[in-house]
Amino acid sequence: MSAGLGPLIVTRKSGSEPIRAATGETMGELAGFWSWACSDLASNTMRGVLAEYLVATALGAASGTRREWDTVDIRTPEKWRIEVKSTAYLQSWAQSRPSSVSFDIAPATGWDALTGAVSAEVLRRSDVYVFCLLHHRDKETLDPLDLGQWTFYVLPTRVLDERCRVQKTIRLSSLERLGPLTTDFAGLPGAVSVCVEDPRQPWSRGRRVPDDGRSGRT
């Protein structure tokens, strides 16, 4: 790696940072760009980023900034590696019917955001998958910021590796047959904690999601 070309140090922005002309005149604020670029939270791209933020917030891992293209989506204070996938019945565009619900589970090569190194090995690198379904079905009242409109399915990655080895996508009905822990936002910390337990134990359906009171911790 060339000197001076290491990873960029990204600082968390507040939204009040000015957009400046060459003359130094303030032309606006960063929050204005965010509002322009990111207001469509039902789009595939922004819904996915929002889902990552919701899961990171629930797990106490949202204090820094999102690292795009890392080998996993979230790294928690406990060193748990979390992969987040999202989908929805409703899209931003006109639809003749609600979308079919499926999630991407394809194994992939890995890229280390810190070193820039690429691993050609194709696998799933997380400890846990969190599948986020924006389940609301009425476009007039759709609000991705309403946590009550989300359902979360949490599953150890090892179950996917054992049962879906090289499979690239999975429908909701097939996912449910794998026995994920189904929870709301408040139950995410407990569900993830259960899924990172001793990997030598066989996975079974119907496990209870413990309420450990950690949701939304900082």
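Points worth noting:
- For the chain, the longest principal axis of the Cα atoms and the long axis of helix 44-58 meet at an angle of about 70 degrees.
- Restricting the range 1-101 to chymotrypsin sites (Phe, Trp or Tyr not before Pro) that sit in a DSSP loop and have at most 16 other Cβ atoms within 10 Å of their own Cβ leaves 69, 93.
- The shape of the range 8-90 comes out oblate: with a ≥ b ≥ c from the C-alpha gyration tensor, a/c is at least 1.5 while a/b does not beat b/c.
- Amide H contacts of residue 59 (H built 1.01 Å from N, in plane; Pro and chain starts excluded): 216 sit under 5 Å, all sequence-distant by 5 or more or on other chains.
- Portion, in percent, of the accessible area of the chain that falls on carbon or sulfur, probe 1.4 Å: 52 percent
- Phi angles of the range 176-183 translate, via the Karplus equation with coefficients 6.51, -1.76, 1.60 and θ = phi - 60°, into HN-Hα couplings of 4, 6, 7, x, x, 7, 9, 8 Hz per residue; Gly and Pro are given as x.
- Computed lengthening from residue 36 to residue 119, 0.36 nm per intervening residue step minus Cα-Cα distance: 26.3 nm
- Residues whose placed amide H lies under 5 Å from that of residue 72, excluding near-sequence neighbours: none
- Computed from backbone phi, the HN-Hα couplings of the range 101-106 come to 9, 8, 10, 7, 10, 5 Hz, rounded to whole numbers (Karplus: 6.51 cos²θ - 1.76 cosθ + 1.60, θ = phi - 60°; Gly and Pro given as x).
- Between residue 201 and residue 44, the FRET efficiency estimated from the beta carbon spacing at R0 = 22 angstrom works out to 0.05.
- Net charge dipole size for the range 1-113 [Lys, Arg +1 and Asp, Glu -1 on Cβ; Debye, nearest 20]: 160 debye
- Unit Cα scatterers, Debye sum, the chain: log10 I(q)/I(0) for q = 0.07, 0.08, 0.11, 0.17 Å⁻¹: -0.26, -0.33, -0.62, -1.32
- Mean accessible surface per residue for the range 68-206, computed with a 1.4 Å probe while every protein chain stays in place, in Å²: 53 Å²
- Loop sites in the range 25-83: GluC sites (Glu not before Pro), DSSP, at most 16 other Cβ within 10 Å: 25, 68, 78
- Rg/Rg_ref, the range 81-144, where Rg_ref = 2.2 N^0.38 Å and atoms are Cα: 1.51
- Shown in residue order for the range 188-197 are the 3J(HN,Hα) couplings computed by the Karplus curve 6.51 cos²θ - 1.76 cosθ + 1.60 at θ = phi - 60°: 4, x, x, 5, 5, 4, 4, 6, 9, 5 Hz (x for Gly and Pro).
- With contributions of -39500 (n - 2.57) from each DSSP H run of at least four residues, the per-residue ellipticity at 222 nm computed over the chain stands at -6000 deg cm²/dmol.
- Using a simple spin-label model with pseudo-atoms 7 Å out from Cα toward Cβ, residue 147 and residue 68 lie 2.7 nm apart.
The values are calculated or read from the model by the stated rules, or taken from the named source; none is laboratory data. All values derive from a computational prediction rather than experimental measurement. No Cβ is skipped: glycine too gets one built from the backbone with ideal geometry, and neighbour counts run over all protein chains shown. The accessibility values were calculated without ligands, DNA or RNA, using every heavy atom of the protein model including side chains. Shrake-Rupley method; radii C 1.70, N 1.55, O 1.52, S 1.80 Å.
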